[in-house]
Amino acid sequence: MYIIYGNQRKISHVWNHIKKQHTGEKIAVVGFPKKLPENYLRNKQVTFYESLTIKNKWLKQAEAFLAKFEDQYDGVIFYVDCSKKEAEQLKKIAAKYRSLVTVTVASDTAITIEDYPLKQVA
């Protein structure tokens, strides 16, 4: 699992991450309605889903999305700017699924991308 930290506009970093980690793979970018960077990633073979609708329940919605679509996507990026605590909870969820998961986290640090290898759970 990858976590992208920072408060500035992260989309160029997300795109670089996609090119580096997901070359030739089918990717879904999932987020809240009208909060996804569709203009920047248009025509880049990325599918967008505005599947998250309730800010304080997005983790349950994220797990439902992974359960439904994990066989269709090699990677799923949750473009949500969540808290570090929510990212930690998503790690536990992501360990149950095959798709490589990435999440954006709001923080006061410079933009960084950290890799957290997950041990798959049955």
Qualifying aspartates and glutamates (Cα of each under 15 Å from Cα of LYS55; at least 8 residues distant if same chain): GLU63, ASP81, GLU86
What distance in nm lies between label points placed 7 Å from Cα along the C-beta direction at ILE54 and LYS85? 1.8 nm
Entries of LYS35/LYS91; LYS34/LYS84; LYS35/LYS68; LYS91/LYS119; LYS34/LYS85 with Cα pairs more than 20 Å apart: LYS35/LYS91; LYS34/LYS84; LYS35/LYS68; LYS34/LYS85
Does the chain come out rounded, prolate or oblate by the C-alpha gyration tensor, with a ≥ b ≥ c the root eigenvalues, rounded set by a/c under 1.5 and, if not, prolate when a/b is larger than b/c and oblate if not? rounded
Taking a ≥ b ≥ c as the square roots of the Cα gyration tensor eigenvalues, with a/c under 1.5 meaning rounded and otherwise prolate when a/b beats b/c or oblate if not, the stretch 49-97 comes out oblate
Using a 10 Å Cβ count of at most 14 others and DSSP loop calls, identify the longest part of the chain lacking such GluC sites (Glu not before Pro). 51-122
Is the shape of the stretch 79-122 rounded, prolate or oblate, going by the alpha carbon gyration tensor and its root eigenvalues a ≥ b ≥ c, with a/c under 1.5 for rounded and a/b larger than b/c for prolate? prolate
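Just so you know, all these numbers are worked out from the coordinates, no wet-lab data involved. All values derive from a computational prediction rather than experimental measurement. So basically every Cβ, Gly included, is an ideal-geometry build from the backbone, and we count neighbours across all protein chains shown.
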